[in-house]
Amino acid sequence: MIHRPAILAAALAAVLAAAGNKRREILRRAAFSVVFFNSVVSAAYLAASMLGGNFSWEYLALVNVRVLLLACLAFLFMARANIFKALSFAPALAYLFALAYSQSMALLGLLEDFAAAAKSRSIGRASLGRRYRLAAAAGAAVLDKAMHNSEELSLAMRSRGFFEGNDSDV
Amino acid sequence: MHIPDGFIAPQMYVPAYGLAGAMWALAARRLRESFDEDSIPKLAVLSAFCFAAMMLMIPLPGGSSAHASGLAVPAIVFGPWTAFVAVSLVLAMQALLFGNGGITTLPVNALALGLAGATVAWASYRALRNVNENAALFAAGWLSVNCPALILAIALGLQPAIASTADGKPLFFPFGLSVTLPAIMIPHALVGIGEGVLTILIYRAIEKRGWTAS
């Protein structure tokens, strides 16, 4: 029963109804996140099954509705739940998750700065060798920055007494 | 690559959660033995590095590019267990905060990319570094892409065998191993060449700044 497209479509409608006024945004983000992989699999299935004579609309509907349902559920969870608060039962894990997230955003910003700087200093298309050197320099700078941030974070956490008990406000 | 939700059957992802849970517990125990009080910030920034490294682009001929896996350098420098935990954290973050990858497929992705990819990169580097360090770094980069790709190709290719209707219609992923192995491995074998070259260049750059293999 769980593998019937109609049941999954009803579940998808229920999830979108539960999303309230965020339903359009959730549907848009969910569809965007699955469209590439689903299109490739669906197109390949369509071609292979047409040639093999075993095409099934039911399978195509089943897999696409299921993937969209799961993606909508994930985005609804993200909209409704605060993952950092949800991890409050394990303070160390919550700190780890929050730090990893904030540092990821910082390092992503550094990578974007690198890409913008490389673009602004290049006339025309860069050679393959130069693009490799730029990518390697960006990778090394990110690791450098990460280790520097690690030392700063350790000092900040130590100065706030994090390591003496896990009830600090870091 | 990593597999999104909806293509892997519970017959595979439920046992995979069990196996990954055991591996995460083992990794946490090993990290507690070797890490000091700085372990949380170190692990957090290493996860952030893995996240950023996955965003690096491997330049391909003709001006195009592909996403790097960024696994080999952290595995070589910090060891496979640390890289496994960091990559698992990145995959969890991508699934729970960005909606990329999947929650049901998290253990399959973590075991393939984080555990197998990092371990094989670290082991191949250590096995070959005394023969030729550049070859060792290249092999680590190439294998860090292709070993996970092989595992994910097998995981996807087994779906028709483990989850089909009585009349043989697939319920999850429609293609067997005869399709998934060449479809996934041939492009990854080529992208792995770029990853290998990038691994050499990044490692040589960080070596100058005092970071070397663990």
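The values are calculated or read from the model by the stated rules, or taken from the named source; none is laboratory data. All values reported here derive from a predicted model rather than from experimental measurement. Cβ: placed from backbone, ideal geometry, glycine included. Neighbour counts: every protein chain shown.
Tabulated data for the structure shown
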read-out: Hits in segment B:1-25 - residues which are hydrophobic (A, V, I, L, M, F, W, C) and assigned to a helix (DSSP H, G or I); value: B:MET12, B:VAL14, B:ALA16, B:LEU19, B:ALA20, B:ALA22, B:MET23, B:TRP24, B:ALA25
read-out: Residue list for segment A:25-55, restricted to those being over 19 Å from the mean Cα position of the chain (by Cα) and of a type in the set (Lys, Arg); value: none
read-out: Matching residues, segment B:92-119, being more than 8 Å from every other protein chain (Cβ to nearest Cβ), surrounded by fewer than 23 Cβ atoms within 10 Å (Cβ to Cβ) and among the β-branched types (Val, Ile, Thr); value: B:THR119
read-out: In segment A:106-145, the residues that are loosely packed, with under 13 Cβ neighbours inside 10 Å, at pLDDT 85 or above and among the aliphatic types (A, V, I, L, M); value: A:ALA116, A:ALA117
read-out: Candidates B:ALA189, B:ALA149, filtered to the one that is more than 14 Å from every other protein chain (Cβ to nearest Cβ) and either exposed (fewer than 15 other Cβ atoms within 10 Å of the Cβ) or acidic (Asp, Glu) (or both); value: B:ALA189
read-out: Output for segment B:160-172, where each listed residue is at the interface with another protein chain (Cβ under 8 Å from one of its Cβ atoms) and in contact with a Pro (Cβ under 7 Å, 6 or more places away or on another chain); value: B:PRO170
read-out: Residue in segment B:52-72 that is buried (at least 21 other Cβ atoms within 10 Å of the Cβ), in a helix (DSSP H, G or I) and facing another protein chain (nearest Cβ under 8 Å) present; value: yes
read-out: Answer from A:ASN64, A:ASN82 - the residue that is polar (S, T, N, Q), within 10 Å of chain B (Cβ to nearest Cβ) and either over 15 Å from the mean Cα position of the chain (by Cα) or surrounded by 15 or more Cβ atoms within 10 Å (Cβ to Cβ) (or both); value: A:ASN64
read-out: Some residue of segment B:192-207 being basic (Lys, Arg) and assigned to a helix (DSSP H, G or I); value: yes
read-out: Which listed residue is assigned to a helix (DSSP H, G or I) and more than 22 Å from B:ALA95 (Cβ to Cβ), from A:ALA44, A:ALA31, A:ALA74; value: A:ALA44
read-out: Qualifying residue in segment B:43-50 (condition: touching a strand residue (DSSP E or B) at 6+ places or on another chain (Cβ under 6 Å) and either within 11 Å of chain A (Cβ to nearest Cβ) or at pLDDT below 85 (or both)); value: no
read-out: Residue match in segment B:105-115 (condition: part of a loop (DSSP other than H, G, I, E, B), under 15 Å from the mean Cα position of the chain (by Cα) and at pLDDT 85 or above); value: yes
